[in-house]
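FYI, it's all coordinate maths here, none of it is from the lab. Note that the structure is predicted; figures quoted are calculated from it, not measured. Cβ placement follows ideal geometry from the backbone for every residue including glycine, while neighbour counts extend to all protein chains displayed.
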Amino acid sequence: MAPAVPATGVTCIPGEVIATDNLWKTYVMGDQEVHALRGVNLRIRHNEYVAIMGPSGSGKSTLMNLIGCLDSPSQGSYCLNGHDVSRLNDDELARIRNKEIGFVFQTFNLLARATALHNVELPLIYNGTGTVQRIERAKSVLESVGLGERMMHKPNEMSGGQRQRVAIARALVNSPSIILADEPTGNLDSKTGIEIMGLFEELHRRGNTIVLVTHEPDIAEHAHRVVTIRDGVIASDAPSTRMTPEAMLAGVSQNPASQVTVS
Ligand SMILES: Nc1ncnc2c1ncn2[C@@H]1O[C@H](COP(=O)(O)OP(=O)(O)OP(=O)(O)O)[C@@H](O)[C@H]1O
Ligand SMILES: [Mg+2]
């Protein structure tokens, strides 16, 4: 796809992995319209680590679904990795999503009857990777998130933290540049949540761009930038409180180094 300047406004700039211009999402429910997003302008550069916060119903998941190519905006434009994706059809969106984006959800969204290995293989099945390569890659990613011993377990044979690791491995298996996580620690106890945040930090150190929705200020502090959404618009956008000016210049987190290895 060639870089594009869509008629609606936003200029797709290489290096800006996410650039939205006046993004609206309106859901129609019978004769009622719900304006979930009302003109969101958000720009995220390569290897940023961004937390999105805001009250329930403010539009966080709607925004994540749009930037994750799970849905299309009602109005406005969106450039992903320098390409306008706001007018693509569902098949084109699915192809881009599979290649560019790893999604992690609060409820893990794993196939209940499939093993961890099979769950992680799924995105590779969708993009036609051969069986041998697929199993090798899925095993390697599962090992990298500390699940080398649990590959043949099904979700109900694993703890919440282990399930979320499977979901993260599945998000990573196609080596996407962007990881989007919608309340990834929402169903986990605080200790397990911290372990999962260690994984995200490691992914960020390895060059991924991370956008994470959370209700918890402690979790948001792991990010370098906090965007707050209220009533479908960005109400604030500022560096995380843990970031010192020196760290901001160096682009490093003040959080303790994680022990988790991810390849
Ligand atoms: N599929 C849908 N159909 C109709 N309305 C929807 C749909 N999805 C979301 N909404 C509405 O859009 C608004 C934003 O919802 P969204 O799920 O984005 O909020 P959120 O900030 O993620 O909330 P939470 O913190 O509770 O997860 C809400 O008013 C919600 O009821
Ligand atoms: Mg939500």
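Of all residues in the stretch 164-187, those satisfying the criterion of being within 16 Å of ligand 1 (Cβ to nearest atom) and assigned to a loop (DSSP other than H, G, I, E, B) are Glu183, Pro184, Thr185, Gly186, Asn187. Any idea which of (1) over 18 Å from Val120 (Cβ atoms); (2) within 16 Å of ligand 2 (Cβ to nearest atom) is the one Glu195 doesn't satisfy? With (1) over 18 Å from Val120 (Cβ atoms); (2) within 16 Å of ligand 2 (Cβ to nearest atom) applied to Glu195, the lone miss is (2). For the stretch 163-179, the set of residues classified as touching a Leu at 6+ places or on another chain (Cβ under 9 Å), surrounded by fewer than 21 Cβ atoms within 10 Å (Cβ to Cβ) and free of Cβ contacts under 8 Å to residues at least 40 places away in the same chain is empty.
Among the residues making up the stretch 31-72, those that are within 13 Å of ligand 2 (Cβ to nearest atom) and of a type in the set (Val, Ile, Thr) are Ile52, Thr62. For the stretch 180-208, a residue qualifies if it is hydrophobic (A, V, I, L, M, F, W, C), surrounded by 24 or more Cβ atoms within 10 Å (Cβ to Cβ) and in contact with a Gly (Cβ under 6 Å, 6 or more places away or on another chain), and exactly one does: Leu180. Counting residues in the stretch 129-140 that are within 16 Å of ligand 1 (Cβ to nearest atom), buried (at least 18 other Cβ atoms within 10 Å of the Cβ) and not in a helix (DSSP H, G or I) gives zero. Once the stretch 209-242 is narrowed to residues that are buried (at least 21 other Cβ atoms within 10 Å of the Cβ) and either over 15 Å from the mean Cα position of the chain (by Cα) or not hydrophobic (A, V, I, L, M, F, W, C) (or both), the residue that is nearest to Glu16 (Cα to Cα) is Thr209.
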